[in-house]
Each structure stands twice: as structure tokens, then as C-alpha cells.
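Q: Sharing a structure, written as C-alpha cells. Questions coming.
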Amino acid sequence: MVNIENFTMKDTRSGFGAGLMEAAQKNDNIFALTADVTGSVKMGDFKAAYPERFIQCGIAEANMIGISAGLALSGKIPFASAFAGFISGRVYDQIRMTVAYSNLNVKIGASHSGITVGEDGATHQMMEDLGLMKMLPNMVVINPCDYNQTKMATIAAAEYNGPVYLRFGRPSVPNFTEEKPFIIGKADVMQEGSDVTIFATGHLVFPALQAANALKEQGISVEVVNIATIKPLDTEAVIASVKKTGCAVTAEEHFLNGGLGDSICQCLSRNLPAPVEMIGVDDHFGESGTPDELMAHFGLDKEHIMEACKKAISRK
């Protein structure tokens with residue numbers, strides 16, 4: 001069982017910066033590229049330490065992906081990073097045709113993702129990126145839950161041969177996991193239970209654990225599974241958990257269409273049909289507000305997860 005009482009507050013984008021630095025110290029082939037947002041994606045330390053391996057592409061994300069493809073073809077390991085809305089939506093064609101179709105060893109770091117961009121508003125709140133990226137053949141899609149996991153996922157992405165989309169955010173959030181090797185494609189059972197499973201990803205993992213603890217006090221046993229790798233999905237872990245609990249809730253800072261919930265439902269409908277309730281943004285563009293205000297407004301919090309768990313259990 002994970003202890004969620006003792007934690008520090010850190011932003012996951014800083015975990016990306018720390019992981020990139022550690023990976024670069026081990027491998028001279030790692031390059032960092034950004035689109036005029038060096039500080040925002042935490043590449044400042046990399047730029048200072050390895051200026052010969054840092055490329056400032058300016059506000060030209062499509063060109064940045066093209067440069068990354070060229071670096072990959074020459075044996076380098078490029079990490080191209082910018083805001084999620086711009087490095088996934090704006091350059092989808094270049095990622096699709098140049099990176100995914102060619103199965104190139106390009107890593108895409110997507111910062112400022114989801115609703116927690118907050119006051120930047122709907123134009124910057126990218127909530128369809130996981131769906132866009134998981135639909136691309138050859139693309140690995142990772143959405144870590146905190147600083148430690150983002151750091152270790154970045155290191156794992158550097159060691160993986162192939163395209164990777166790595167999602168992280170701007171606000172400080174609980175840093176509560178152990179710093180341990182990240183295994184791509186492996187789910188993490190953070191708390192065992194028997195009545196309902198919560199499959200959570202990214203910033204929703206911590207609220208899922210909070211909900212599980214609160215429900216325990218009401219006599220409800222909740223299993224919490226951290227799905228940090230959206231694709232490839234750990235189908236064995238999904239099926240094994242729902243075999244125990246008989247129902248599930250999915251929780252994500254993403255549109256319901258195309259997100260983790262869709263993947264869980266596809267998996268269960270093919271292998272083990274069971275009631276599923278989904279927590280996410282339901283076909284609605286974001287709004288301006290603080291991250292906490294927006295998470296509550298769109299139902300991405302402990303209370304709504306608890307309600308979803310009870311509803312899923314009632315449907316068994």
C-alpha cells in the first residue's frame with residue numbers, strides 16, 4: 001500500500017528535465033530540441049551542460065520534428081519538447097508520417113498537458129493528445145503520475161529504441177512514488193482491493209488513492225492501478241484486477257473520447273466484460289481557472305472518483 005500522507009510537491013515537467021540530464025550523462029547521442037520554451041520544459045540545465053547537443057528551433061514545431069527525424073536517422077536520440085497542444089496537435093502530420101510511419105527513434109516530450117495548464121485557457125489545455133498518439137502505429141505513449149515517475153520514465157524512454165510520446169504537466173503535484181526503474185508497458189498495482197478497481201493515469205493517480213482510502217473507511221475495498229503506459233496497455237494486469245473486483249473506474253486528465261477509459265473498455269469488452277465508469281472531460285473544451293478549480297469543475301477529483309466507484313459496484 002502506498003503511503004500518501006508523506007510527500008513533497010513537485011511539477012512533473014521538472015522530472016522530465018532531471019531524467020533527461022541523467023540520461024544525457026550516460027549517452028552522448030542524446031540531443032535536446034525545443035521550440036522557444038527552454039525554461040518551460042526544463043531543458044535549461046541540459047543547454048548549459050551540453051550546448052553542442054542542444055538545438056533551439058524557435059516557434060517552429062513542425063521543423064523541430066523534421067530535425068529530430070534527421071538526427072534519429074544519423075544515430076542520435078533526439079528529445080523534442082514543447083507544450084502538449086503544439087507538439088501533438090499542431091504537428092500531427094509530421095509526427096505521423098516522419099516519425100511513426102518510419103518508426104524512428106524520436107522522443108516527444110509534451111509539457112503543459114491537460115486541464116491543469118489552468119489560466120492559459122482552452123487553447124492551451126490539450127486533452128486529446130493521448131488519443132491522437134496512441135492511434136499511431138509504433139508509438140509508445142507514457143503518462144507518468146509524479147516527479148519521480150516522470151524522471152524514471154524519461155530515462156526508460158532514452159533507452160527504448162523507437163518513437164515515444166511522454167506527457168507531463170506544469171503545476172506542482174504530490175510526489176509520492178518511489179524512484180525506481182520504469183518498465184514500459186507495465187502497470188503498477190499501488191493498492192490491492194476486492195470490490196472495485198480504479199485504473200488511473202497521470203495527475204489522477206493521487207486522487208484515486210485518496211478516494212480509495214476514504215472508501216475504505218466506508219467498508220469498500222478498492223484496488224488502485226497506476227497505468228503510466230497508455231500504449232502498450234498492460235492487458236494482463238487489467239484483466240487480472242477486474243477478475244478480482246468485477247468492475248472498474250477509469251480516471252484521467254483527458255477527454256473521455258480516445259483516452260485511457262477507451263483502452264480499458266476495449267480490453268475488457270474483448271476479454272472480460274464488466275461495468276466501467278469513466279472519470280474524464282466529457283466532450284467539452286477547457287476553461288480558464290486555477291488547476292484546482294478546473295479539476296473540481298470537470299469532476300476530476302477524489303469526490304467524483306468515489307461516486308463513480310459506488311456506481312460501478314452497484315452495476316455488478
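The values are calculated or read from the model by the stated rules, or taken from the named source; none is laboratory data. Computed from a predicted model, the values in this text were never measured in an experiment. Note: ideal-geometry Cβ built from the backbone for every residue, glycine included; neighbour counts use all protein chains shown.
For every residue, the table says whether it meets (1) under 26 Å from Val91 (Cβ atoms); (2) touching a Leu at 6+ places or on another chain (Cβ under 9 Å); (3) crowded, with 23+ Cβ neighbours inside 10 Å.
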position	(1), (2), (3)
Leu166	yes, no, yes
Glu179	no, no, no
Gly185	yes, yes, no
Met190	no, yes, no
Gln210	no, no, no
Glu217	no, no, no
Ser221	no, yes, no
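Q: Quick one: what pairs do we get from the stretch 124-142, first residue free of Cβ contacts under 8 Å to residues at least 40 places away in the same chain, second among the aromatic types (Phe, Trp, Tyr) and not in a strand (DSSP E or B), C-beta under 6 Å, 6+ apart or different chains?
A: Cβ pairs passing all conditions: none.
Q: If you check every pair at least six apart or on different chains, which have Cβ atoms under 6 Å apart with a residue in the stretch 187-210 that is among the aromatic types (Phe, Trp, Tyr) first and a residue that is surrounded by fewer than 22 Cβ atoms within 10 Å (Cβ to Cβ) second?
A: Here the result reads Phe206/Pro174, each pair linking the stretch 187-210 to a residue that is surrounded by fewer than 22 Cβ atoms within 10 Å (Cβ to Cβ).
Q: Residues Asp283, Asp292: which one is outside any loop (DSSP other than H, G, I, E, B) and at pLDDT below 95?
A: After ruling out the rest, the residue left standing is Asp292.
Q: Spot the failing condition for Ala208; the list is (1) within 15 Å of Thr12 (Cβ to Cβ); (2) not assigned by TED's automatic domain parsing to the domain that holds Ala69, and only one is missed.
A: Of (1) within 15 Å of Thr12 (Cβ to Cβ); (2) not assigned by TED's automatic domain parsing to the domain that holds Ala69, only one is false for Ala208: (1).
Q: Just a yes or no: is a residue in the stretch 97-118 outside the structural domain of Pro291 (by TED's automatic domain parsing), touching a residue at least 60 places away in the same chain (Cβ under 8 Å), crowded, with 24+ Cβ neighbours inside 10 Å and farther than 19 Å from His254 by Cα?
A: yes
Q: So which residues in the stretch 195-237 are touching a strand residue (DSSP E or B) at 6+ places or on another chain (Cβ under 7 Å) and of a type in the set (Ser, Thr, Tyr), if there are any at all?
A: Residues satisfying the conditions are Thr197, Thr201, Thr229.
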